[in-house]
Amino acid sequence: MQLCSPSASAQEAARSALLQTVGALRYLSKQGLALRGHFNEEGNFQTYLRDKAEDDPNLASWLQKHHTYTSPEIQNEMLSIMGNTIIRGVAEEISALPVLQYSLIMDGTQDISGTEQISICLRYVNKDLEPREEFVGMYEAFSTTGAHLWKIASDVLLRLNLPLSGLRGQTYDGAANMSGHISGMQALVRRVQPLAIFVHCGPHCVNLVSQAVSSSAPVVSDALTWIHDLGCLFGQSGKFKTIFKQIAISENGSFTTIKPLCATRWTVRTPAIKSVLTQYEVVLAALEEIASDKGSVSAPRARGLLGHFHKGTTVLGLVMGQDIVLKLEGLNKSLQGRAVSIGGMLQAVDCTKKAFMAKRTSNSFMSLYSRAVELASSFDLEPIMLPHIRKPSNRYGGPANSHIPSSAEEYFQVQFFCATDTAVTQLDDRFSQEGLGHLAKLEEHLRTGESSEAVELYPELDAELLQMQLAMLKASYQFHSCQEVIQILKTMVLEVRRLFQQVEALVRLLLVVPVSSCEAERSFSALRRLKTWLRSTMAQSRLNSVSVCHVHREKLQNIDRKEIAVAFIGTSERRSHLFGKF
């Protein structure tokens, strides 16, 4: 016993130091902080442990004797254990569902080093009928073809032990390598699993609609272009930012930054328009000051923009653009939630279309036109005038007299109507997808109980039994949508809910198909925080583990440090001898 006592004491001290090491890694990865500095000894990880060692003599002694257990290789191993524990928990939750149904969400971007990173997320419906979207990793892609991306995704699903028989949906952006009907990834997936319905990301679709609508009205397109140029001008130097800020504070007491528009940001047009309209006089004053600097190379750009912003038509374009784009950006925001369903998305799109059709009136346009005239007058701008219209050649119009607008109101009203018509047409086209139509049939079957061939395609659904359970449900409850059925099922006691297992399976099927790829987009924000220009050499294995830990901060915090330590010790006999057992 006397010989064993020193050994047990040493093992206890080693286990305590190991727990401190695991805790340091868990804290830094959860916060998205760098583990090492320019040199490993200067990094956050070593500094954290040294600070802890000041109050812990055992840890200080351990760090001196066993510094190899804080090496980058050991860090990577522990981070991998943490990340794998989180992902294993997600996979086990999906596998434990009453009916195995899940969907795939993927998107790609380049990190700071130029490496193509593919974000993979899974969507499923938990036992409480709540949709969940979980990030499961960031993977390096050596090629962006549909075949290679499907190879990456299938390998991930295989390692998670999720069979393709349960894959019920897939959502990507509209790039050809993802949505192509021949060699795109969605086509390759459906050849293996025909029941994996493809849905083009809803917010991406709305963003494309917004671009088309803006381009359909030249007065709106020109105004947005000048806002973008204005944001680029003010943002190109600190001097111009200071000029704008000082003028804004002196006149208004506060200021809002004017930023250039971004094609990949979905909801930036309306805030940019509002920022210019509320600070229009400040914008004019700042442009005048920049343009007056004869030695500046940016003075000609400022003079050109000043000429554009002195025109009343620019204000009209901003007012019209704000009214039109605001509805689309509202729709875009509503589709970015994790719990949004296909049925809810289609209802939101239909509501937006009705709003555009109701807005297509002369009274609506004249209200906007009158506001623009008032603003132009208050800013002392050039009045809104009918632009010069070139008479078309006779070979285009023949002997008939071509129509020429008689006033500015008539001319710009045509553009307003064209923009609203484009919005309605584009929303119809973008959301008339084959997959959405298939799901609409399933929801119609749920609401009416009428037989549908779509139900017979799914092995988890028994058409006759589903028909009988829907009849029982209608006899006891009133419902008109999938969401109402969900609320009914949630309020049932367990014994009654078991009577409607087929109804629940159909509801899960309607909920499991993703509306958007926003979860993958959110993981790109984590990627920007983790792999910066100061951490551009981070290896892929560490990046994947750290990104999983950083995105799933709550899950990481709930992992017991002893669980990680036990998994680490169990990988070799030498570690078992050194640390013993907890």
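Go through the residues of the stretch 511-519 one by one and say whether even a single one is surrounded by fewer than 20 Cβ atoms within 10 Å (Cβ to Cβ), in contact with a Gly (Cβ under 8 Å, 6 or more places away or on another chain) and touching a residue at least 12 places away in the same chain (Cβ under 8 Å). Scanning the stretch 511-519, I find no residue that is surrounded by fewer than 20 Cβ atoms within 10 Å (Cβ to Cβ), in contact with a Gly (Cβ under 8 Å, 6 or more places away or on another chain) and touching a residue at least 12 places away in the same chain (Cβ under 8 Å), so the answer is no. Could you list, in sequence order, the residues of the stretch 520-573 that are under 17 Å from Glu73 (Cα atoms) and of a type in the set (A, V, I, L, M)? Met538, Ala539, Leu543, Val546, Ile564, Ala565, Ala567, Ile569 - these are the residues of the stretch 520-573 that are under 17 Å from Glu73 (Cα atoms) and of a type in the set (A, V, I, L, M).
What number of residues in the stretch 106-139 are among the hydrophobic types (A, V, I, L, M, F, W, C), part of a strand (DSSP E or B) and within 23 Å of Pro459 (Cβ to Cβ)? So that I can check it myself, show each step before the final result.
Applying the first criterion (among the hydrophobic types (A, V, I, L, M, F, W, C)) to the stretch 106-139 yields 106, 112, 118, 120-122, 125, 129, 135-136, 138.
Then drop every residue that is not part of a strand (DSSP E or B), which leaves 106, 118, 120-122, 125, 135-136, 138.
Checking which are within 23 Å of Pro459 (Cβ to Cβ) leaves us with 122, 125.
Adding up the residues that qualify gives 2.
Residues being in contact with a helix residue (DSSP H, G or I) (Cβ under 9 Å, 6 or more places away or on another chain), more than 30 Å from Cys418 (Cβ to Cβ), open to solvent by 30 Å² or more (accessible area, probe 1.4 Å) and of a type in the set (Gly, Ala, Ser) are represented in the stretch 229-239 by at least one member.
Answer yes or no as to whether Leu167 is under 26 Å from His550 (Cα atoms) and open to solvent by less than 20 Å² (accessible area, probe 1.4 Å). Please lay out each step first, then the result.
Working: under 26 Å from His550 (Cα atoms): no; open to solvent by less than 20 Å² (accessible area, probe 1.4 Å): yes.
When the stated conditions are applied, Leu167 does not pass them.
Residues in the stretch 529-552 that are surrounded by fewer than 16 Cβ atoms within 10 Å (Cβ to Cβ) and under 15 Å from Asn84 (Cα atoms): Gln540, Ser541.
Let's see how each residue does on (1) of a type in the set (Asp, Glu); (2) open to solvent by less than 50 Å² (accessible area, probe 1.4 Å); (3) over 30 Å from Ser221 (Cβ atoms); (4) touching a residue at least 60 places away in the same chain (Cβ under 8 Å):
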| site | (1), (2), (3), (4) |
| --- | --- |
| Tyr411 | no, no, no, no |
| Ala419 | no, yes, no, yes |
| Leu439 | no, yes, yes, yes |
| Glu443 | yes, yes, yes, yes |
| Glu453 | yes, no, yes, no |
| Phe479 | no, yes, yes, no |
| Cys482 | no, yes, yes, yes |
| Ile488 | no, yes, yes, no |
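Listed by first and then second residue, the pairs linking a residue in the stretch 544-555 that is touching a residue at least 40 places away in the same chain (Cβ under 8 Å) and in a helix (DSSP H, G or I) to a residue that is open to solvent by less than 10 Å² (accessible area, probe 1.4 Å) and of a type in the set (Phe, Trp, Tyr), with Cβ atoms under 9 Å apart and 6 or more places separating them unless they lie on different chains, are Ser547/Phe135; Val548/Phe135; Val551/Phe135. Against the test of being assigned to a helix (DSSP H, G or I), of a type in the set (Lys, Arg) and touching a strand residue (DSSP E or B) at 6+ places or on another chain (Cβ under 9 Å), the options Arg190, Arg168 yield a single qualifying residue, Arg190. When Val220, Val209 are screened for being open to solvent by less than 50 Å² (accessible area, probe 1.4 Å) and either out of contact with any Gly (no Cβ under 7 Å at 6 or more places or on another chain) or assigned to a strand (DSSP E or B) (or both), only Val209 passes.
Here's the yes/no breakdown for (1) closer than 30 Å to Asn161 by Cα; (2) in a helix (DSSP H, G or I); (3) of a type in the set (Val, Ile, Thr); (4) more than 36 Å from the chain's Cα centre (by Cα):
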position: Gln20; (1), (2), (3), (4): no, yes, no, no
position: Ala60; (1), (2), (3), (4): no, yes, no, yes
position: Tyr69; (1), (2), (3), (4): no, yes, no, yes
position: Glu77; (1), (2), (3), (4): yes, yes, no, no
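Residues that are under 20 Å from Ser215 (Cβ atoms) and surrounded by 15 or more Cβ atoms within 10 Å (Cβ to Cβ) do not occur anywhere in the stretch 288-303.
The values are calculated or read from the model by the stated rules, or taken from the named source; none is laboratory data. It should be emphasised that the depicted structure is a prediction, and the values quoted were computed from it without experimental measurement. Methodologically, a virtual Cβ is constructed for each residue, glycine included, from the backbone with ideal geometry; neighbour enumeration extends over all protein chains shown. Side chains are part of the model used for accessible areas, which takes the heavy atoms of the whole protein and leaves out ligands, DNA and RNA. Shrake-Rupley method; radii C 1.70, N 1.55, O 1.52, S 1.80 Å.
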